[in-house]
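Novice: This is the structure I want to talk about, given as structure tokens.
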Amino acid sequence: MLISSLPLPDANGRTVLRQRRQYQVRPRKPIIQNNNTVEFELSYDFAVPGETFKISLIVALPQTIPGKQKIVDIKYSPKSPRVFQGNGNKYAEFVFIRPQKRMKVKISIKAELSRYDLLTARAMRLKDLAQGPGFEDFVKQEKNIEKDHLQIYEIAKIIEGKTEVDVVKSIYGYVVDNLDYTLHGKEDWGAVKALKQGKGDCSEYSDLFVAICRAKNIPARVASGYTERFDGVTSKHHWAEVYLKKYGWAPFEPSWGDVENTMFRNKAFGQMKPVYIYLSHIRNDKVLRNNQFYYYKYWGDRVSMTDSIKFKPTTRNPSGRGRSISK
């Protein structure tokens, strides 16, 4: 079935047929490496113009995930923050009492990344059971993933496939055929608004993909983290993971598959380069007040904070081409 010709309910509940659109032209895809070592630094710069008694900053940290990434080294400045676990994630909290007018937090990380995608999952046939929250959390509705909404429900009813992987591939095709990639700022739109707008960034592609999977009762979740980049564009990124009964959790990159060329799209569906640094599988993280990367609060006069990430160039760079947006 041609996913791009599926009927789509509009904002008023009427069924319309979205016209096939133009796609961006992609350069030839390079050969995918199986391993990649990255070094990068996270920076958080505070400006404290008034009288502020206390600042607390909580940052999501990458942790070792067998088969995906190994954290070789991590250094903090200031040293010795409070490091703790929650929801299957790892965090560091920095607390400043009577902070200076300018404060900076730096976290330096070295990680070994392993290629992990549908093709490697098939080869390994590893059932990676969910850590932390159970499967029920990955088939339910939540903020930004409105899987019970009528429009999502109607789309899920239409999508079919002979196998579980075929169904997921059809969902993947539907998402990339019905969204245009756009940068729109820091506010997340969620699956339904992305559907109504017909566009979004990596967050919306992932939210819609996961919402339709969940509407089909297939466990799925949004992954948050970084991608290795050296072009000055933010490395913050969202992609998705789906639990397949035969292979366990397999990652997918919906925004990267947004191309017309069928051969390239098929490759994008099954292959991902080792440039993804995982932080979290929790879309609405209570520890971070529903954010994905960090959360800070203060006691006293208003403070401001800017964050950045800088990668150390390496001799081997499987440059990440997945699009991303700071959230």
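The values are calculated or read from the model by the stated rules, or taken from the named source; none is laboratory data. Since the structure is predicted, the reported quantities are computational estimates derived from the model, not experimental observations. Glycine gets a Cβ as well: all are built from the backbone with ideal geometry, and neighbour counts include every protein chain shown.
Novice: Kindly establish whether LEU208 is in contact with a helix residue (DSSP H, G or I) (Cβ under 6 Å, 6 or more places away or on another chain), part of a helix (DSSP H, G or I) and surrounded by fewer than 19 Cβ atoms within 10 Å (Cβ to Cβ).
Specialist: No, not satisfied.
Novice: Inspect all residues belonging to the range 91-100 and state whether any of them is within 22 Å of the chain's Cα centre (by Cα), surrounded by 19 or more Cβ atoms within 10 Å (Cβ to Cβ) and under 19 Å from LYS310 (Cβ atoms).
Specialist: The answer is yes, given that some residue of the range 91-100 is within 22 Å of the chain's Cα centre (by Cα), surrounded by 19 or more Cβ atoms within 10 Å (Cβ to Cβ) and under 19 Å from LYS310 (Cβ atoms).
Novice: Has the range 66-73 got at least one residue that is out of contact with any Cys (no Cβ under 9 Å at 6 or more places or on another chain), modelled with pLDDT of 95 or more, closer than 18 Å to ALA240 by Cα and not in a loop (DSSP other than H, G, I, E, B)?
Specialist: Checking the range 66-73: at least one residue is out of contact with any Cys (no Cβ under 9 Å at 6 or more places or on another chain), modelled with pLDDT of 95 or more, closer than 18 Å to ALA240 by Cα and not in a loop (DSSP other than H, G, I, E, B).
Novice: Sort out which residues of the range 284-298 are part of a strand (DSSP E or B) and either in contact (Cβ under 8 Å) with a residue 40 or more places away in the chain or in the same structural domain as GLY190 (by TED's automatic domain parsing) (or both), and write them in order of number.
Specialist: Once the filter is applied, which keeps residues that are part of a strand (DSSP E or B) and either in contact (Cβ under 8 Å) with a residue 40 or more places away in the chain or in the same structural domain as GLY190 (by TED's automatic domain parsing) (or both), the range 284-298 yields ASP285, TYR294, TYR295, TYR296, LYS297, TYR298.
Novice: Taking the conditions exactly as written (in contact (Cβ under 8 Å) with a residue 60 or more places away in the chain and in the same structural domain as ASP148 (by TED's automatic domain parsing)), does TYR205 satisfy them or not?
Specialist: no
Novice: While we're on this one: Restricting to the range 217-242, give me the number of residues that are more than 23 Å from GLU112 (Cβ to Cβ), surrounded by fewer than 23 Cβ atoms within 10 Å (Cβ to Cβ) and modelled with pLDDT of 95 or more.
Specialist: Number of matching residues: 3.
Novice: Write out, first by first residue and then by second, each pair whose Cβ atoms fall under 7 Å of each other, whose residues are 6+ apart or on separate chains, and whose first residue, in the range 234-257, is in the same structural domain as TYR294 (by TED's automatic domain parsing) while the second is buried (at least 24 other Cβ atoms within 10 Å of the Cβ).
Specialist: none
Novice: Is it the case that SER224 is among the small types (Gly, Ala, Ser), within 25 Å of GLY67 (Cβ to Cβ) and assigned to a helix (DSSP H, G or I)?
Specialist: no
Novice: Search the range 175-193 for residues that are more than 17 Å from ILE145 (Cβ to Cβ) and in contact (Cβ under 8 Å) with a residue 60 or more places away in the chain and pair each with any residue that is aliphatic (A, V, I, L, M) and buried (at least 21 other Cβ atoms within 10 Å of the Cβ) when their beta-carbon atoms are under 7 Å apart and the residues are at least 6 apart or on different chains.
Specialist: Qualifying pairs under 7 Å: LEU183/ILE325.
Novice: So CYS202 passes all but one of these: (1) at pLDDT 95 or above; (2) buried (at least 21 other Cβ atoms within 10 Å of the Cβ); (3) closer than 22 Å to ASN266 by Cα. Which condition number does it fail?
Specialist: Every condition holds for CYS202 apart from (1).
Novice: LYS267 passes all but one of (1) within 30 Å of VAL59 (Cβ to Cβ); (2) out of contact with any His (no Cβ under 8 Å at 6 or more places or on another chain); which number fails?
Specialist: All conditions pass for LYS267, except number (1).
Novice: A further question follows. Being under 28 Å from LYS286 (Cα atoms), at pLDDT below 95 and in the same structural domain as TYR294 (by TED's automatic domain parsing) narrows it down to one residue among SER80, SER108; which is it?
Specialist: Only one candidate qualifies: SER80.
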